[in-house]
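**Student:** Below is the structure I would like to discuss, written out as structure tokens.
Throughout, read-outs are computed from the coordinates displayed, never taken from laboratory work. Here the structure is a predicted model, which is why all the values come from computation and not from measurement. No Cβ is skipped: glycine too gets one built from the backbone with ideal geometry, and neighbour counts run over all protein chains shown.
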């Protein structure tokens, strides 16, 4: 996924950056360049519903370009998660990550899949 992100044009990158911020979870489709919107849809990075464009990969985007948002993962948390992963206790590792970060199941699972692929 990161290679798809890095291949985006400046305009596509700007649209994704706005969509992936908490202040703008959606943009009106009519306000975007049709070529940019079409390209992002073709790459499955956005969905358009009821005239609103929403990102399908907010957490992946933030983990790629805004790593500072994930500073709440302490070394203690990482050590605990690594021990659980090594012991084949992936679900418990996700629960532990949720306890440390306050994330939901989906965000924790995505983070886990990126940092500890199966």
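**Student:** Only helical DSSP H runs with n ≥ 4 go in: add -39500 (n - 2.57) per run for the chain, normalise by residue count and round the 222 nm mean residue ellipticity to 500 deg cm²/dmol.
**Tutor:** For the chain, the value works out to -16500 deg cm²/dmol.
**Student:** What is the distance, in nm, between label points placed 7 Å from the Cα along the Cα-to-Cβ direction at residue 66 and at residue 6?
**Tutor:** The modelled label-to-label distance comes out at 2.2 nm.
**Student:** Roughly how many whole Å is it from the C-alpha centroid of region 86-118 to that of region 54-85?
**Tutor:** First find each Cα centre; the distance between them is then 9 Å.
**Student:** Among 10, 43, rank each residue by its count of other Cβ atoms within 10 Å, from fewest to most, as a rough exposure measure.
**Tutor:** Neighbour counts put them in this order, fewest first: 10, 43.
**Student:** Checking the a/c ratio against 1.5 first, then a/b against b/c, what shape does the Cα gyration tensor give for region 2-65?
**Tutor:** oblate
**Student:** Here's something else I'd like to know. Given an 8 Å cut-off on Cα distances and at least 6 residues of separation, report the relative contact order of the chain as a percent.
**Tutor:** Relative contact order, the chain: 18 percent.
**Student:** Given a Förster distance of 41 Å, report the FRET efficiency between residue 56 and residue 83 from their Cβ-Cβ distance, rounded to the nearest 0.05.
**Tutor:** After rounding, the FRET efficiency stands at 0.80.
**Student:** Quickly work out the residue 101-to-residue 73 label distance, labels modelled 7 Å from Cα along the C-beta direction, and quote it in nm with one decimal.
**Tutor:** 0.5
**Student:** Cα axis of helix 90-101 to longest principal axis of the chain: angle in degrees, 0 to 90, nearest 10?
**Tutor:** 70
**Student:** Further, regarding this structure: Order of 107, 86 from fewest to most other C-beta atoms within 10 Å?
**Tutor:** 86, 107
**Student:** GNM on the chain, C-alpha springs below 10 Å: top fluctuator among 63, 16, 78?
**Tutor:** Sorting by GNM fluctuation, first place goes to 78.
**Student:** Test of understanding: what is the full-extension gain from residue 23 to residue 48, defined as 0.36 nm times their sequence separation minus their Cα-Cα distance?
**Tutor:** 7.2 nm
**Student:** Give me 71, 17 ranked fewest to most by other Cβ atoms within 10 Å of their Cβ, as a rough exposure proxy.
**Tutor:** 71, 17
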